[in-house]
Amino acid sequence: SDWAAAVAAVRRLPADARVLLICHVNPDGDALGSMLGFGLGLRRLGVRHLQATFPGPPEVPEPFRWLPGLDLLVPSTGAYPDPDLVVCFDAASESRLGELVDRLDTAGDALVLDHHASNTRFGRVHLVDPAAAATSVVVDELLTRLDVPLDAEIAQCLYVALTTDTGSFRFEATTPAVHQFAARLLATGIRPGDISRQVFDTRPFGAVRLFGEVLGRARLEPSAAAGHGLVWTYATQDDLARHDQRPYVLEALIDSVRCTAEADVACVLKQVGPAEWAVSMRSKGAVDVSAVAVALGGGGHRFAAGFTGAGSAEDVVRSIRAELDGALIAR
Ligand code: 5GP
Ligand code: MN
Ligand code: MN
């Protein structure tokens, strides 16, 4: 099975093996937490030449800058020897790996740990579970099969991954098994109050003012999908500059927008270039936003997906609107 192949790939590593861990661009809590948690697990197994990285800007968002294992991080560009093993976390497709994509082909072996239904099966050994609430669930299963016991440092990483991807246990994927996993993590002695405060509830004052401005320009409109509203807003690079904020603060914006009762679909457009937008979409259940995202060159999950759009903000929203009817979920 894939599990056996993954376990064998780790077990047969020579003592001086080089292992490279990679995750998707603009890493979120699941990408970073899964990658660093697994890295700490490999370290417990005695892997000494261990590096972790992600493509694009090398900045770790402030809410994650306390995670154990950050010392594993190296810049994504540089002359590194080809690793014996590459392990990839939380990336649905090679397009999410930017300049790191070649590293999968030049490595001795390549494991892909993920939970996106849209995973394109790049790499060699695939541990992809679309039913898993987070990639960290897959990491936990592999660490268990490798007989790596959970400790508090690994647990902190995996808890951040689990809580960020489940919206703190609010989303549909929050099964009894998810709570049992969380219970095992908490049993290592980690402090959930402190972790949640750092990850979800601590932002600079400038971010509060920035949110006020960006939420103030939100628009609610009937969507093409009859009876289901669309709510959206956008944040420009100039907005960030005026409030002296880093792009990561915008990741939480979608949560303030998607609570709109009158809308089934919520979108936030984050400007990443003169006419380029990173788009976050959320659905309450009537629309499969991953279908919208895939149609527009991105991907994701049924009710949380994204893509990069070109043109003005209005252009991008028009392209989304045009896909909504076709993405209605039949009931
Ligand atoms: P978020 O809106 O939180 O950035 O992302 C929600 C989901 O959509 C995540 O599962 C993420 O993997 C996926 N996603 C977001 N942006 C992109 C993108 O540009 N391309 C692809 N393939 N997936 C994306
Ligand atoms: Mn992710
Ligand atoms: Mn994830």
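The values are calculated or read from the model by the stated rules, or taken from the named source; none is laboratory data. Small disclaimer: the values here were computed from a predicted structure and weren't measured. Don't worry about glycine lacking a Cβ; one is built from the backbone with ideal geometry, like all the others, and counts go over all protein chains shown.
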| query | Does G285 fit the bill of being within 20 Å of S93 (Cα to Cα) and either touching a helix residue (DSSP H, G or I) at 6+ places or on another chain (Cβ under 7 Å) or not assigned by TED's automatic domain parsing to the domain that holds G167 (or both)? | reply | no
| request: Please verify whether the range 113-124 includes one or more residues that are among the aliphatic types (A, V, I, L, M) and closer than 20 Å to I195 by Cβ. | output: no
| When you scan the range 96-132, how many residues do you find that are away from ligand 3 (no atom under 16 Å from the Cβ) and among the hydroxyl-bearing types (S, T, Y)? | 1
| request: Return yes when E94 is touching a Phe, Trp or Tyr at 6+ places or on another chain (Cβ under 8 Å) and in contact (Cβ under 8 Å) with a residue 40 or more places away in the chain and no when it is not. | output: no
| request: Search the range 46-81 for residues being touching a residue at least 60 places away in the same chain (Cβ under 8 Å) and in contact with a strand residue (DSSP E or B) (Cβ under 8 Å, 6 or more places away or on another chain), and hand back the single one that is farthest from ligand 3 (Cβ to nearest atom). | output: P81
| Any idea which of (1) within 16 Å of ligand 1 (Cβ to nearest atom); (2) closer than 13 Å to C157 by Cβ; (3) of a type outside the set (A, V, I, L, M) is the one P68 doesn't satisfy? | (1)
| What's the number of the condition P27 fails, among (1) in contact with a Ser or Thr (Cβ under 8 Å, 6 or more places away or on another chain); (2) within 16 Å of ligand 1 (Cβ to nearest atom)? | (1)
| Only one of G311, G273 that is more than 15 Å from ligand 2 (Cβ to nearest atom), under 17 Å from V25 (Cα atoms) and surrounded by fewer than 22 Cβ atoms within 10 Å (Cβ to Cβ) | G273
| query | Restricting the range 197-213 to residues that are assigned to a loop (DSSP other than H, G, I, E, B) and touching a helix residue (DSSP H, G or I) at 6+ places or on another chain (Cβ under 8 Å), which is surrounded by the most Cβ atoms within 10 Å (Cβ to Cβ)? | reply | R203
| request: Go over the candidates G167, G193 one by one and state the one that is small (G, A, S), part of a loop (DSSP other than H, G, I, E, B), outside the structural domain of S256 (by TED's automatic domain parsing) and out of contact with any His (no Cβ under 9 Å at 6 or more places or on another chain). | output: G167
| field | Selection count, the range 272-296, where residues are more than 16 Å from ligand 3 (Cβ to nearest atom) and without any contact (Cβ under 8 Å) to a residue 40 or more places away in the chain | value | 11
| Set T144, T135: member being of a type in the set (S, T, N, Q), away from ligand 1 (no atom under 16 Å from the Cβ) and within 18 Å of W3 (Cα to Cα) | T144
| query | Could you give every pair whose Cβ atoms fall below 7 Å, whose first residue belongs to the range 17-45 and is in the same structural domain as G56 (by TED's automatic domain parsing), and whose second residue is of a type in the set (K, R) and more than 16 Å from ligand 1 (Cβ to nearest atom), counting only separations of at least 6 or pairs across chains? | reply | L20/R103; I22/R103
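Take the residues in the range 149-164 that are in a helix (DSSP H, G or I) and away from ligand 2 (no atom under 16 Å from the Cβ), then tell me which one is farthest from G33 (Cα to Cα). Give the derivation first.
Within the range 149-164, the first condition is being in a helix (DSSP H, G or I), and the residues that meet it are 152-164.
Keeping just the survivors that are away from ligand 2 (no atom under 16 Å from the Cβ) gives 152-156.
On the way: A152: 13, E153: 10, I154: 9, A155: 9, Q156: 8 Å.
So, considering only residues that are in a helix (DSSP H, G or I) and away from ligand 2 (no atom under 16 Å from the Cβ), the one farthest from G33 (Cα to Cα) is A152.
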